[in-house]
Each structure stands twice: as C-alpha cells, then as structure tokens.
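Below is one structure, written out as structure tokens, with a few remarks after it.
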Amino acid sequence: MKKHTLGCSSSTSNSKGKKIYDQDDELLAVLGYNVKSGDMVDVASKIEHLEGVLNNDDGLSQYASDTNHLNPSDLNSWLESMISELNPMMGSGGDQDLGAVAGINNGMVKGWSTPENLAGEMEVGEKSCGSGYPLGGKGVFEFVEGSGVVNGWSTPEKLAGISPEMEVGGSGGGSGYPFAKRVKLCTSPDPPPSGSGSSAYPEIQNPNPNPNPNQIVIVDSQENGIRLVHTLMACAEAVEGNNMLLAENLVKQAGMLAVAQAGAMRKVATYFAEALARRIYKLSPENPQDTPAFQDFLEMHFYETCPYIKFAHFTANQAILESFVGKKKVHVIDFSMKQGMQWPALMQALALRPGGPPVFRLTGIGLPSNDGKDHLQEVGWKLAQLADTINVEFEYRGFVANSLADLEPGMFDLRDDEVVAVNSVFELHRLLGRPMAVEKVLDVVKGLKPVILTVVEQEANHNGLVFLDRFTESLHYYSTLFDSLESSGGGSGGGEGASEQDKIMSEVYLGKQICNVVACEGMDRVERHETLTQWKTRLDSAGFEAVHLGSNAFKQASMLLALFAGGDGYRVEENNGCLMLGWHTRPLITTSAWKLK
C-alpha cells in the first residue's frame, strides 16, 4: 500500500592602465565593435567629425554611391576610411577646430543642452512625426540658423549640457570605463559675439555661403549604440557621485537612445534606463518583491524559453540521484519548492532504479501566499498523483516560511533510517542582505546531516559595495542573458522556438532582477548574486567540502542543450568539479555539490 502524506504547508590601479588601454572595450564588444580603450577619444572625435560632414545632402549621396569602406566592426579603421573619402568634399585646410570640422554656418545643433529640448526636438522618420523618439535606426536633428554655436554631443556630459570641458569615466571610479582622462572640446580662438548668448561654446565659421535651413544630420543605429552604452555608464557614474542633476539628464537621454536600437540591446538598455530612473527619482515600490504566485508565473515562462533552469534542475538531480544509490529510504528537503518542477524527473529516475524505487519523502519550503490558497499543498497533490502512477511510495510535507533563516533543524521530522539531501536553486543569494542569515541557514543544514547539499546560483558578482562596479557587472551579465534569449528556442525537443509570450514574460522576469540590482538597496535588494569562488569561501568556512559532479553529469547536461533551438550558443564548462552553463564564452549559472567535512 502506497503512502501519501500531505502536510500544511574595484577600482583599476595604475599598474594595469597600459593593459586596459590596449584591450578592446568590453561594453562596445557587446554591440559588435572592436575598439581599443586607448582609441576611444580618437573614435569620439571622428564621429563628431562625420556628423558635420554628412549634413550636406549632395555629399552624402555621392558618398553612398561611390565609396567602399572597411568592416564597420573595426570602428576606428571604418571611421578613418569614411573621413579619408569625405575629406575632398570639405575643401582645403590644415588644422581645423570643431567649427571647421562641423562645417556649419551661423547655426547650432538645436537645443541639445537639456533633456526637455532633447525630447521635444528629436524627430522620427518623417519630420512631421514629432513623437520625440529616434526610430528605425536614424536620429534626425535640425539645424537652427541665427546662432553661433554647435552643441556637440559625442560624450554624455555634452549631451547633458554640463560644460565644454568634462571628465568622462574618472580615474578613481574603478569601473574600468575606457575614458579615464579629461576630454576638452576645441574652442574658437576668438570669443563669440556678445549678443550670441552662447559663450560656453565655440563660434563656427561656415564655408557654405548659402546654408540650407532644412539641413539635417543623420546618425545611424551603430553610432547610437555606442552613445547608448556610454550614456548608461556615465549616468551610473553620476549616480555613484551623487550628481543627480547630471544623472537625470543622462537617464532621459539613455531612454531615447535605447528606443533607436533593435533586438536585445534595445530591451536590456531600456530595463537599465528604467532602473536608473527609479534609483534617481526614488521610485522603488514600497514592496519591491512581487507576490509568490506572480514570481512563479514569470519563472515558468523563463523555464520554457531557455535552458538555464532546466540545467539547474537536471544537474542538481543527477548529484542527488548518485548520492541515493543503494538507499532504501530517501528524504529531499527543497529550499526552492515553488511549482515543484524539479521533482518529477527525479521521481521517474528513482522508479527505474534496479531493484525497485526507494521510499521517497519530500519536504518543500515556500513563501506564504497572499491569495488565501495553499499552493504548496496543491503542488504536493500533483506530485502524489505522479508517484501513484509510477509506483513510487511517496510522502510530502510543505513548510511556509518568510525566509530560510527562520528554519530550524527540529522542524523536519528527521528519521534515523533515511538519508537526507538538501537542495537550493537560486535561493541563498537572497539572504545576503540580512546579517549572518546565510551562516545561520548553513548551520541548519549541518544539523540535518545531509549526504549532499546541491547549490545553484548565478555566476556573477552583483553584491559589491560600490554601485558603479555592480552596475557595470550587471550590464555585462544581463546583456549576455538577453542576447541568449533572442536566439533561444523552446524545450520541446523538436527544435521549435519559444513562443512570443514566453519570450516577453522571460524578459519581464529578467527585467525585474535588473531593477532590483540597480534601483534597490538595503533589505529590499535581494538579487545579491555572487560567483562560485565567493560561494566556495562561504561554504568552506561553514564546514562543507566540494563534491565532484563527474563526467556523466557533464555529458548529459551537454546533451540537454541539443534539445534547444539556438543551442549552438550555449556552453557547458567544468570548473573544479562544478558545472557552469553559459552563452558563448560567458558563464551565467553554476551548479555545485557539497558534503560535510
């Protein structure tokens, strides 16, 4: 007779400067540009150069029809090629200041000194659209006659209208941001006319005696992408320095630049811009965490869209299954029960075990529900029905807890004749905002005397003390995740892509994590991801030692990825007995297994 029991439920040092100076800018590499950090000032100058040159419609058409250029991914060489082809159109001249390069007479770029002007004067596609956002990969900016300045915007501070001399990045910020020096705009040798009202900017002489009042500068989406990344970084640096006026201007600019992008870059940049805005304007919700039911709903879509959670469940189950070999009674304590998606596969594997399945007891921990339903018990009934179908003797109990730190060993009804495994998937990092909470939970685990503890966590450091470092790391991490979502398919085994709804809800799932990492602090910031190295230090100090997951788990995890459309981009890597799943060269999640010393 089968028994089913259901219970209630950093800073960069000078010694590294030359090395960083010669390396490709990693943030721009996400966009597909190969740009050395040491070339960034030159690249910015060339982009500014081209903005002015391309304002002439005739020159632009000749350039489009007669010129071949280098691969635009090599941005510096590409710009050099463009400038060399366009130089004949600019007339003679040796050294040129900003005005001569721009080639604009008696005009300035209209109202780029404040985000209000920016929002009102950016046009979309047709000049009559007037929505204030650059779409379709083009930003359109009018020239205004009758003034004597050009408000250049090739750097974020110029975008925000702060000063013609600005510091981008900052040598002491520790972000690794490529501009670690001051950049000063060229100025006219003569002061502007007293009536111009624009003494902060250089006067410009126009070589064209008959200016076209409807001339435009067209900025393509690649150039926009560079500005977007640098604007986000500059905004985060302004927040770090508590310069909220600058940060407000930059976050508005970042939002508009994000709209002009396409694909993963647009989506991830929009979420980061929103998170920065929430931090700047202190708009974090009173309760930054969604209801458990809504969290589970979003996670289900993420589960269907890409293999990260499936990989976590599969690798943890493999370690648990191997630790149960030859045992007649087994007990799994799950710190992350949620919808119970992890356990049907383990139950089926136990049912097929030679000699028959063991008695399987499962204890699930979950957050309290705010809708009056006992979701843990509902999950237990479903698992009990499966156990009955596959002839596994099954016992289940659910525990509701506001935090894992509230648990005690005596709550789990330990029995002498059974072996215990403890499982935690994306849970321990949520305790790092509470002093000594992780240490207390690990002490509870030690009291349970498990044969194995499985831990799955994000492979990222989003728990640093310096906001700018945390922002930079999270921008890298989530850009990679969103890129994988763009190519990821579903887990049907037939190579079919995920549904549009799954992908959209998955983006919301990740977007909420971004908001928590960037906008929240203190106890409200629960997405405090740490790397495998950091978790190894914590677990070793708590009295645990690593268990090698083995080559079998590695091979089977690699086979799992073959079920996903777009799976060519996923990589499984073994790291000192732990398994990492990443996208291309970037590890994103790590599964590790531990036992008591």
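The values are calculated or read from the model by the stated rules, or taken from the named source; none is laboratory data. Quantities reported herein were computed from a predicted structural model and do not represent experimental measurements. Heads up, the Cβs are rebuilt from the backbone with ideal geometry, glycines too, and the neighbour counts pull from every protein chain shown. Side chains included, ligands, DNA and RNA excluded: accessible areas come from the protein's heavy atoms. Shrake-Rupley method; radii C 1.70, N 1.55, O 1.52, S 1.80 Å.
Restricting attention to the stretch 425-441, the residues being more than 12 Å from Glu530 (Cα to Cα) and touching a Ser or Thr at 6+ places or on another chain (Cβ under 9 Å) number 5.
Val359 meets the conditions (1) open to solvent by less than 50 Å² (accessible area, probe 1.4 Å); (2) modelled with pLDDT under 95; (3) closer than 30 Å to Asp416 by Cβ in every case but one. The failed one is (2).
Taken over the stretch 383-438, the criterion of being within 30 Å of Lys536 (Cβ to Cβ), among the charged types (D, E, K, R) and either outside the structural domain of Gly340 (by the TED database) or in a helix (DSSP H, G or I) (or both) is satisfied by Asp406, Arg430. Do you know which of the residues in the stretch 371-406 that are within 35 Å of the chain's Cα centre (by Cα) and of a type in the set (Val, Ile, Thr) is least open to solvent (accessible area, probe 1.4 Å)? Taking the candidates together, the pick is Val379.
Screening Val441, Val517 for residues that are part of a helix (DSSP H, G or I), touching a Leu at 6+ places or on another chain (Cβ under 6 Å) and buried (at least 21 other Cβ atoms within 10 Å of the Cβ) leaves exactly one candidate, Val441. With respect to the conditions (1) open to solvent by 30 Å² or more (accessible area, probe 1.4 Å); (2) farther than 24 Å from Phe324 by Cβ, Met411 falls short on a single one, namely (2).
Taken as a whole, the stretch 353-366 holds at least one residue that is assigned by the TED database to the domain that holds Val425, over 30 Å from Ser499 (Cβ atoms) and among the basic types (Lys, Arg). With respect to (1) among the hydroxyl-bearing types (Ser, Thr, Tyr); (2) open to solvent by less than 30 Å² (accessible area, probe 1.4 Å); (3) farther than 26 Å from Phe297 by Cα, the lone exception for Thr591 is condition (3).
Considering only the stretch 256-270, I want to know if a residue exists there that is open to solvent by less than 60 Å² (accessible area, probe 1.4 Å), under 21 Å from Asp417 (Cα atoms) and of a type in the set (S, T, N, Q). Within the stretch 256-270 (the criterion being open to solvent by less than 60 Å² (accessible area, probe 1.4 Å), under 21 Å from Asp417 (Cα atoms) and of a type in the set (S, T, N, Q)), the answer is no, since none of the residues qualifies. For Ile589, the conditions (1) farther than 11 Å from Leu532 by Cβ; (2) among the hydrophobic types (A, V, I, L, M, F, W, C); (3) in a strand (DSSP E or B) all hold with the exception of (1).
Let's see how each residue does on (1) closer than 30 Å to Tyr570 by Cβ; (2) open to solvent by 50 Å² or more (accessible area, probe 1.4 Å):
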| residue | (1), (2) |
| --- | --- |
| Phe297 | yes, yes |
| Tyr303 | yes, no |
| Cys306 | yes, no |
| Gln318 | yes, no |
| Met337 | yes, no |
| Leu350 | yes, no |
| Ser369 | no, no |
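Condition (residue is under 30 Å from Val330 (Cβ atoms) and outside the structural domain of Arg571 (by the TED database)) applied to the stretch 479-486: is it met by at least one residue? The answer is no, given that none of the residues of the stretch 479-486 is under 30 Å from Val330 (Cβ atoms) and outside the structural domain of Arg571 (by the TED database). Within the stretch 485-499, at least one residue is surrounded by 20 or more Cβ atoms within 10 Å (Cβ to Cβ), closer than 29 Å to Leu432 by Cβ and at pLDDT below 95.
Taking every residue in the stretch 539-565 that is outside any loop (DSSP other than H, G, I, E, B) and pairing it with any residue that is at pLDDT below 85, at least 6 positions away or on another chain, the pairs with Cβ-Cβ distances below 7 Å are Leu561/Gly567.
Here the stretch 444-474 is the region considered, the condition is being within 20 Å of Lys327 (Cα to Cα) and assigned to a loop (DSSP other than H, G, I, E, B), and the residue that is least open to solvent (accessible area, probe 1.4 Å) is Pro450. Residue-level check: of (1) open to solvent by 40 Å² or more (accessible area, probe 1.4 Å); (2) closer than 24 Å to Gln458 by Cβ, Lys329 misses just (2).
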